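Take a look at the structure below.
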Amino acid sequence: MEGPLALVTGASRGIGAAIAAELARRGAAVVCAARGREALAATVAELGASGHRVRALPLDVADPAALPAALAALADFETELGPVEWLVNNAGIALSAPLARGTDEQGRDLYERHLAVNFHGPRRLLEALLPGFLARRRGRVLNVASSAGLVGYAYVSAYCASKHALIGYTRAAALELEAKGLAVGALCPHYVDSPMLAASVRNVVQKTGQSEAQARAFFAAQNPSGALVTPQEVALAAAEWLATGGNGELIELRGRGERRILR
Ligand SMILES: NC(=O)c1ccc[n+]([C@@H]2O[C@H](COP(=O)([O-])OP(=O)(O)OC[C@H]3O[C@@H](n4cnc5c(N)ncnc54)[C@H](OP(=O)(O)O)[C@@H]3O)[C@@H](O)[C@H]2O)c1
């Protein structure tokens with residue numbers, strides 16, 4: 001049996017690439033979206049070489065003007081692979097700065113940047129796919145939020161604000177879609193061993209003079225289990241929720257395979 005079509009954003013590396021691979025391994029067709037075309041093409045080529053039904057969709061989720069062309073390309077994939085039934089809003093950014101500095105090195109507003117990618121990206125894709133989901137009474141949306149959507153962390157206030165916004169949106173959407181046969185949920189991983197974490201480690205090394213091993217140990221020690229979450233742990237939780245998870249579930253991933261379901 002051929003599985004449903006999933007759209008996974010931020011699928012060129014890290015958690016998104018692991019989710020795309022796990023869904024494909026379980027028989028889903030997967031459209032992988034991200035900005036960087038080369039990395040995206042490499043990830044899709046690798047999955048395609050294993051016989052999986054995967055396609056690349058270059059897309060900046062923060063750019064509303066890019067959405068119509070991306071949806072047109074997605075419609076072409078749907079003709080071939082069937083309608084999108086699963087949306088995984090995984091693309092995200094995390095930049096650190098003290099509270100007194102609300103801008104990045106180019107002077108751009110950090111809060112606007114985080115909200116554009118981590119909140120407006122997911123809600124715009126949900127809005128775009130919702131009419132089809134409602135018409136077919138089939139559709140599941142999984143937002144990859146973060147433990148930073150449940151608690152605060154110092155020096156990443158813009159990231160925390162954007163992930164809290166995504167969790168609030170997930171809760172509201174779940175209530176609204178409850179009676180319509182659709183489901184919305186969120187993953188809330190603690191620190192995950194991905195390229196995003198590698199960038200944070202480099203930042204800590206640069207700012208504090210700690211070794212790379214010390215910086216990694218610092219992040220692992222923040223997690224409730226004392227270990228970094230692996231991208232594969234997140235991918236398994238994503239695949240399981242998409243198959244059978246409950247509407248409105250927030251799945252906290254604590255490392256070492258520990259999960260807690262919240263609402
Ligand atoms: N790593 C952690 O510790 C951790 C913990 C909890 C939650 N999360 C969340 O998990 C998700 C994935 O994180 P990760 O650790 O895998 O990050 P990552 O290694 O930096 O990968 C991020 C992915 O998102 C894509 N992306 C970034 N901005 C985008 C945009 N504007 N439009 C489309 N794609 C975009 C990237 O590709 P391009 O740059 O080429 O677009 C890449 O494919 C994020 O939402 C993150 O907040 C991460």
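Coordinate-derived values only; no laboratory data. Note that the structure is predicted; figures quoted are calculated from it, not measured. In this analysis, Cβ positions are derived from the backbone assuming ideal geometry, glycine residues included, and neighbour counts consider all displayed protein chains.
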About its Cα centre, what dipole magnitude does the stretch 164-241 give when the only charges are +1 on Lys and Arg Cβ and -1 on Asp and Glu Cβ, stated in debye to the nearest 20? 280
Highest GNM mean-square fluctuation among 103, 43, 208, for the chain with Cα springs under 10 Å, belongs to 208
Give the residue from 14, 39, 170 lying farthest towards the positive end of the charge dipole for the chain; charges sit on Cβ (+1 for Lys and Arg, -1 for Asp and Glu) and the dipole is referred to the Cα centre. 170
When N is the residue count of the chain, what does its C-alpha Rg come to as a fraction of 2.2 N^0.38 Å? 0.97
May I ask you to list the GluC sites (Glu not before Pro) in the stretch 171-263 that are in a DSSP loop and have at most 10 other Cβ atoms within 10 Å of their Cβ? none
Roughly how many nanometres apart are two label points built 7 Å out from the Cα toward the Cβ at residue 137 and residue 65? 4.2
Given charges of +1 on the Cβ of Lys and Arg and -1 on the Cβ of Asp and Glu, with all other atoms neutral, how large is the dipole of the stretch 115-263 about its Cα centre, in debye to the nearest 20? 260
Trypsin sites (Lys or Arg not before Pro) within the stretch 1-66, DSSP loop, no more than 11 other Cβ atoms inside 10 Å: none
Pick out, from 84, 250, 196, the residue whose Cα sits farthest towards the positive end of the charge dipole of the chain, with +1 on the Cβ of Lys and Arg and -1 on the Cβ of Asp and Glu. 250
In nm, give the distance between the simple-model label positions of residue 26 and residue 243, each being 7 Å from the Cα along the Cα-to-Cβ direction. 0.5
Just to confirm the filter: which GluC sites (Glu not before Pro) across the stretch 1-56 are DSSP coil and have at most 13 other Cβ within 10 angstrom of their Cβ? 2
How large is the charge dipole for the stretch 15-90, taken about the Cα centre, if only the Cβ atoms of Lys, Arg (+1) and Asp, Glu (-1) carry charge, to the nearest 20 debye? 180
What net charge is computed for the residues neighbouring residue 86, neighbours being all others with C-beta under 13 Å from the C-beta of residue 86, Lys and Arg scored +1, Asp and Glu -1? 0
Could you state the number of Å between the C-alpha centres of the stretch 186-224 and the stretch 35-114? 23
